[in-house]
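Here the structure comes first, spelled out in structure tokens, and everything after it is commentary.
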Amino acid sequence: MKSKRRWPWYLLFIIIILAAVVVFFPYPSLNNYQKKGRLNLTGLKDTVDVLRDEKGMAYIYAKNAPDAIMAQGFVMAQDRLFQMNLSRLFSSGRISELVGKLGKEIDIRMRTIGFRRHAEKHGKILSPETRLFLQKYADGVNAYINTHKDTHHLAFKLAGITPDPWTIEDTLTIMYYMGWDSAGNLQAEIISQMLVDKLGLEKAGEIFPILNNPDDMNRAKTTTGTRGTEPILLNLAGDNQIRNYLETGPLRVGSNNWVLGPKLSKSGKPIVANDPHLDSRTLPGPWYPCGILLPDLSVVGVIIPGIPGMVVGRTSHFAIGITNAYGDAQDLFVETLDPKDPNRYMEGEKSLPFKVIEETLKIKDKNAPGGIREEKISIRLTRRGPVVSGVLSSLKTKKVMTLRWAPFENMWPKVGLEKLMFAQSAEEVRDALKWINVIMLNFVFADTKGNIGWHVSSRLPVRSKGDGALPHVVKDDRNHWTGFVPFDENPNRYNPERGWVGTCNHFTVTQDYPHYYSSSVSTSYRYERLSQLLDAPGEKSQMDNWRYQQDTMNVLAKRVVPLMVEALMPHEDTRELGRILAAWDFHDDTYKVGPTIFHTLYDNFAWLVFRDELGDNLSKTMLSQWTYWQARLEKMVLEGDSPWFDNVETKNIREDRDDLFHKAALEAVTEISSRLGDDPDKWLWGRLHRIEFVSPIRPEGFGKNLVGGGSHPFPGSVDTLYRGMYDFDQPYDVTISASLRMVADLGDEEKVLAVLPGGVSGRLLDPHTTDQIPSFISGEKMIWWFSDKAIKAHAKSTLTLTP
């Protein structure tokens, strides 16, 4: 089980302070900022009007693009500066400046990977166009920082910090961190090696991930991990440094996106739908929405705070959405230390010195002079990348692991966002995506002419041998990465005959794809359900697509539950569970008992299948990565027989699948009863499966509800379109959900349907921090206004920014 997080002592008093200020000070003087009147902004060429609607969402009316981007930086800082600062500190390896020694290991990891180090390198090669785009945004952020020193977010005062000036490198650092944290292949690679260490390659290969593309005409399932592999035993489970890289961060991108062509749309124009799946529990949520309106262009959409432009939304010319593509751009390498000198490493017979980078951590410490103590760290690098493990000394020669990531080797003078927002067709969207190398995403898009498309961004490495499922052993000075897949050969599709294209983080390439793509993707259950909905006869409306995003059908359960029922019904002690499951419609709704029984039983079943061979710790590690084992276990269940069902600890008994289902059911009854009581009629999914929205200032403990958004019953599960993922070892609190729901119908010139699991503002006690939660939970639609008439009709305030 995960240990509870501890927070700095001073945060324990924040709620008392907040309660006092709420009582003794009126809200406008507490944490407000200027929304009306006129305000001088040095650096503008012309006046800019900022209109805010009933949600507090800003619509920026500017006469030229540089002014618009500067104003975007300004209003984003008004609303989200504290969140931006946290992202900057975290991704730069500086979070211990805020939280003290609790952040030290995170800072070491961030600096070892080197997001800030590479951002500074990237900043030096930017084109004039890109530099202007990023600098104008930074100028807007700094205009707010410099002119509102007395009205910074309340959270800054409570945390005892002030924001530094914003730089281009800050934005690039956050972009690199986003790209890193959205990838899942590193975790899969570490787990695969741990399994090889425990079981050997042949036995481990029996439970390596299965990748399935439902659209592949061959319907073949691909097992990865053994092609061209030269395994080595490393005992990774015993290395704490490498285990830290199993941790996933708040940007664990999942998501659904799809685009319908004109023939399937009731409006006769394409519809783009997108619900990115992230950890959205920390208010106000990961996305910042705003509108930008120029004389010849209208844009409304979202972007990650700290970055300019728009990545999900619509413009006058196109609409766009994203999901994680899970292309494998990360590799671990096994390096041999020079036995004569541990400060050098070997490439065959050649001995090379490690490159050493010295960095200084600043750690909050009340006992240190000035409240900050400094600690120096050394980062060692080989030609492939930084050392990310301790010395693995259980071998004949001492080894270390290094890490290589493709975006660090594909720095270009453009970042893509400066071109994307201004694209005027699907073809120009595609041209802009060529420049987006920091993150590998599935972009779906459509233009007003009726063209639709899907294209994967970034660069995949071409490997000289094998795939990327296991660490590569360095034996000589040859480059294991022989090049990168050209953008045009990334997975893509344009104007398909099917009339739509979509992605749900599943395996999107077919058997004839010429390149190794990935060893870690999501299961195909969500995509299969999406296909059922979109392939159904008839045209689909904007509201139909809104409802599809909230569909709770569990495709896995529909396949597995009949087998469960057969196993449970013969036993008196599980017959009632069998009856309940037999009557369930396979929808993971909050008011139903079926999902409670299914998920609790199936999770216990998975534990029973693997624990006896793997042991407690390795089982927890593997099962914590849902995408690693789900498709494999389903295959075992449907086939009905597997040596993994037999408990190796019971020497004279051979257990089968149904034996484990029965035992898992008994354990499920005990688990559910301890939490919900003995009456199965009261075992409602929503009583267990809940989401809680919290403030970054006080995420747990006394007073969290004062600054948070409360706990709510939540539909869905890991495998439904309505995503409600929870951690395997901490069921059933939702960790990953939709961070945005958006449906853009290019035939609707007035609005875009969209809702956030929080709000626009990141200011403590601002009502626009949590005001969208009720609609997000209930499924009620909310609106981004798009037409000039609608924006002005719903404007609640106007702020004029002057040069």
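The values are calculated or read from the model by the stated rules, or taken from the named source; none is laboratory data. Fair warning: this is a prediction, and the values are worked out from it, not measured in the lab. Virtual Cβ from ideal backbone geometry, glycine too; neighbours counted across all protein chains shown. The area values use the complete protein model at the heavy-atom level, side chains included, leaving out ligands, DNA and RNA. Shrake-Rupley method; radii C 1.70, N 1.55, O 1.52, S 1.80 Å.
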For LEU297, enumerate residues with amide H under 5 Å from its amide H, sequence gap 5+ or separate chain, H modeled in the peptide plane.
none
Which whole-Hz ³J(HN,Hα) couplings does segment 166-172 yield from phi under the Karplus relation 6.51 cos²θ - 1.76 cosθ + 1.60, θ = phi - 60°, glycine and proline marked x?
8, 10, 4, 5, 4, 4, 5
With +1 on each Lys and Arg Cβ and -1 on each Asp and Glu Cβ, how big is the dipole of segment 666-803 about its Cα centre, in debye rounded to the nearest 20?
640
Among PRO353, ILE377, GLY390, whose Cα lies farthest out toward the positive end of the dipole of segment 314-391, if unit charges sit on the beta carbon of Lys, Arg (+1) and Asp, Glu (-1)?
ILE377
Extension reserve of the SER127-LYS266 stretch, reckoned as 0.36 nm per residue once the Cα distance is removed
45.8 nm
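Order these peptides, 339-346, 303-310, 647-654, by their mean beta-carbon neighbour count within 10 angstrom, highest first.
Top to bottom by mean Cβ count within 10 Å: 303-310, 339-346, 647-654.
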Leaving out ligands, DNA and RNA, what percent of the accessible area of segment 168-216 is carbon and sulfur, probe 1.4 Å?
43
In segment 232-345, with Lys and Arg counted as +1 and Asp and Glu as -1 at Cβ, which of these residues, VAL311, PRO339, ILE271, has the Cα nearest the positive end of the dipole, that is, farthest along it?
ILE271
Calculate, in nm to one decimal, what ASN244 and MET217 gain on full extension: separation in residues at 0.36 nm each, minus their alpha carbon distance.
5.7 nm
How do PHE786, PHE422 stack up against each other in accessible area, from largest to smallest, with a 1.4 angstrom probe?
PHE422, PHE786
Let me have the 222 nm mean residue ellipticity of the chain computed from DSSP H runs of 4+ only, each contributing -39500 (n - 2.57), with the sum over all residues rounded to the nearest 500.
-10000 deg cm²/dmol
Please work out how much length the chain gains when fully extended from GLU375 to GLU780, using 0.36 nm per residue of separation minus the C-alpha to C-alpha distance, in nm with one decimal.
140.7 nm
Would you mind checking which residues have amide H under 5 Å from VAL312's amide H? H placed 1.01 Å from N; only 5 or more apart, or other chain.
VAL302
For the modelled label position 7 Å from the Cα of LYS475 along Cα-to-Cβ, which residues of segment 332-355 have backbone nitrogen atoms closer than 12 Å?
348
Just to verify a number: what accessible area does ASP216 come out at with the full protein assembly present, 1.4 Å probe, Å² rounded to tens?
10
Can you give me the accessible area per residue for segment 576-730, using a 1.4 Å probe, in Å²?
38
Just flag the chymotrypsin sites (Phe, Trp or Tyr not before Pro) in segment 661-727 sitting in loop per DSSP whose Cβ has no more than 15 other Cβ atoms within 10 Å.
PHE702
Given Cβ charges of +1 for Lys and Arg and -1 for Asp and Glu, the option among TRP481, VAL760, ALA325 whose Cα lies farthest towards the positive end of the dipole of the chain is VAL760
Within the set of other residues whose C-beta is less than 10 Å from the C-beta of THR482, count the net charge using Lys and Arg as +1 and Asp and Glu as -1.
+3
Simple label model, 7 Å out from Cα along Cβ direction - THR47 to ASN410, nm:
4.6
Along Cα→Cβ, 7 Å out, is where each label goes; now give me the distance between the ones at LYS651 and LEU352 in nm to one decimal.
5.2
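Can you tell me the accessible area per residue over segment 752-803, all protein chains present, probe 1.4 angstrom, in square angstrom?
With the other protein chains kept in place, segment 752-803 gives 34 Å² per residue.
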3J(HN,Hα) from dihedral phi, segment 328-340, Karplus parametrisation 6.51/-1.76/1.60, rounded to Hz, x for glycine, proline:
8, 10, 10, 9, 9, 10, 9, 10, 9, 6, 5, x, 8
Whole-percent carbon and sulfur share, accessible surface of segment 652-768, 1.4 Å:
49
With +1 on each Lys and Arg Cβ and -1 on each Asp and Glu Cβ, and nothing else charged, work out how big the dipole of segment 601-711 is about its Cα centre, in Debye to the nearest 20.
640
Treating the beta-carbon of each Lys and Arg as +1 and of each Asp and Glu as -1, no other charges, what is the dipole magnitude of the chain about its Cα centre, to the nearest 20 debye?
2400
